[in-house]
Amino acid sequence: MNITRIGIDLAKSVFQIHGVDRAGKVVAKKQLRRNQMLTYFSKLSPTLIGMEACGSAHYWARELGKMGHDVRLMSPQFVKPYVKSGKNDANDAEAICEAVSRPNMRFVQIKSVEQQVMQAEHRIRARLIKARTALGNEIRGLLGEFGIALPVSLANLRRAIPELLEDAENGLLMDFRRLLKLLGDELRELDDNIKHYDARIAQNAKEDERIKRLLAVEGIGPVVASALVSAVGNGKQFSKGRDMAAWLGLTPNQHSSGGKNRLGHISKRGDKYVRMMLIHGARAALKAAENKTDGRSRWVTGLAKRRNKNIATVALANKNARIAWSILSREETYRVAD
């Protein structure tokens, strides 16, 4: 078979492939079991392989790339327009095969194993923080049923639980006190687990040269820098900083027509977690900028006064994303503007 291009519809156990020759004629259309994948592609000469950027895609891209194949990942939303009829594995594989041949197609950079490990730590940490927030809300809600209203703050909640357990006059029954103690123990355990992942991320920041260079930017700490590196690597898949900011959803939506430019709210596309981290970091940097006189601080504080703090925060996050692209892709060191 003279296969020059293959589309693979990934799955957990059964994979659908669609291969064409140089003239675009279908020469391979079959299903492969998981244990047949590497054997099948090891027998083929190096060819262009397209896959959707979904679960396990980066693993298969790395493995097939080791065999000399040119593997390219695409966002599923860019593949969907090429599906000709009803959705099934064969039609999806055919659409992927067609989409990967488009000269203007946007491709997803293949992540390294180290990037995926770093990203896994962030995902687990984010889940623990979400669980801690939910637990705190649950404890406050349960206490509210007994007429005890606590301020919305985890710090206040941590202080209040031991005090409530020791107060014999608050009307709480012994059975509920036992439940409250268990909930307090669970909250402390979540705190400890989150601190563990914070420490691991901080250690990675000390060992990774890319992260250390990013830390010089106001509004980018170890967590933000680590999340950026795990998501974009060296950033060379973007031709300019604005492209990375747009990928992160930090640029305005456009509704332009007839020569009239209409810009709306930020698009909120791309990696939601990294965008959130950049905006949180920018919010802290904006607050610190009120006491500084350098050009960057004057710009962002002036913007906050002309518009509002939320707009200034997102604008600063956008600027930080562009600066991060320059630092990562050009291996530059951050220079503070006067």
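The values are calculated or read from the model by the stated rules, or taken from the named source; none is laboratory data. All values reported here derive from a predicted model rather than from experimental measurement. With ideal geometry, Cβ positions are generated from the backbone for all residues, glycine too; neighbour counts draw on all protein chains shown.
From the set of residues in segment 167-193 that are surrounded by 14 or more Cβ atoms within 10 Å (Cβ to Cβ) and acidic (Asp, Glu), which is nearest to the chain's Cα centre (by Cα)?
Asp191
Show the residue pairs meeting these rules: Cβ distance below 8 Å; 6+ apart or different chains; first residue within segment 258-283 and not assigned by TED's automatic domain parsing to the domain that holds Ile323; second residue loosely packed, with under 11 Cβ neighbours inside 10 Å and not in a helix (DSSP H, G or I).
none
If you take the residues in segment 92-107 that are surrounded by fewer than 19 Cβ atoms within 10 Å (Cβ to Cβ) and touching a residue at least 40 places away in the same chain (Cβ under 8 Å), which one is nearest to Ala28 (Cα to Cα)?
Looking at the filtered set, the residue picked out is Ser101.
For Ile220, indicate whether it is of a type outside the set (Asp, Glu), out of contact with any strand residue (DSSP E or B) (no Cβ under 6 Å at 6 or more places or on another chain), more than 30 Å from Met105 (Cβ to Cβ) and buried (at least 19 other Cβ atoms within 10 Å of the Cβ).
Yes.
If I filter segment 39-56 down to residues being in contact with a strand residue (DSSP E or B) (Cβ under 7 Å, 6 or more places away or on another chain) and among the hydrophobic types (A, V, I, L, M, F, W, C), which single residue comes out as farthest from Val108 (Cα to Cα)?
Leu48
For a quick check of your reading: which helices (runs of 4 or more DSSP H) sit entirely within segment 1-91 and have at least 1 residues that are surrounded by fewer than 17 Cβ atoms within 10 Å (Cβ to Cβ) and under 26 Å from the mean Cα position of the chain (by Cα)?
Per the criteria, 57-66, 76-79.
Please find, among Ile6, Ile17, the residue that is at pLDDT 95 or above and in contact with a His (Cβ under 8 Å, 6 or more places away or on another chain).
Ile6
I'm trying to understand the selection: among the residues of segment 201-211, which are in a helix (DSSP H, G or I) and either aromatic (Phe, Trp, Tyr) or surrounded by 13 or more Cβ atoms within 10 Å (Cβ to Cβ) (or both)?
Once the filter is applied, which keeps residues that are in a helix (DSSP H, G or I) and either aromatic (Phe, Trp, Tyr) or surrounded by 13 or more Cβ atoms within 10 Å (Cβ to Cβ) (or both), segment 201-211 yields Ile201, Ala202, Asn204, Ala205, Arg210, Ile211.
Would you check which residues across segment 122-153 are among the basic types (Lys, Arg) and crowded, with 16+ Cβ neighbours inside 10 Å and list them?
Answer for segment 122-153, where residues must be among the basic types (Lys, Arg) and crowded, with 16+ Cβ neighbours inside 10 Å: Arg125, Arg132, Arg140.
Show me the helices (runs of 4 or more DSSP H) entirely contained within segment 236-324 in which 1 or more residues are within 17 Å of the chain's Cα centre (by Cα).
In segment 236-324, the matching helices (runs of 4 or more DSSP H) lie at 241-247, 272-289.
Which one of Leu164, Leu182, Leu187 is part of a helix (DSSP H, G or I) and touching a residue at least 40 places away in the same chain (Cβ under 8 Å)?
Leu187
For the structure I just gave you, tell me whether Gly136 is of a type outside the set (Ser, Thr, Tyr) and either within 19 Å of the chain's Cα centre (by Cα) or within 24 Å of Val14 (Cβ to Cβ) (or both).
no
Could you give every pair whose Cβ atoms fall below 8 Å, whose first residue belongs to segment 25-48 and is farther than 17 Å from Cys97 by Cβ, and whose second residue is among the aromatic types (Phe, Trp, Tyr) and surrounded by 14 or more Cβ atoms within 10 Å (Cβ to Cβ), counting only separations of at least 6 or pairs across chains?
Every condition considered, the pairs that remain are Arg33/Phe15; Arg34/Phe15.
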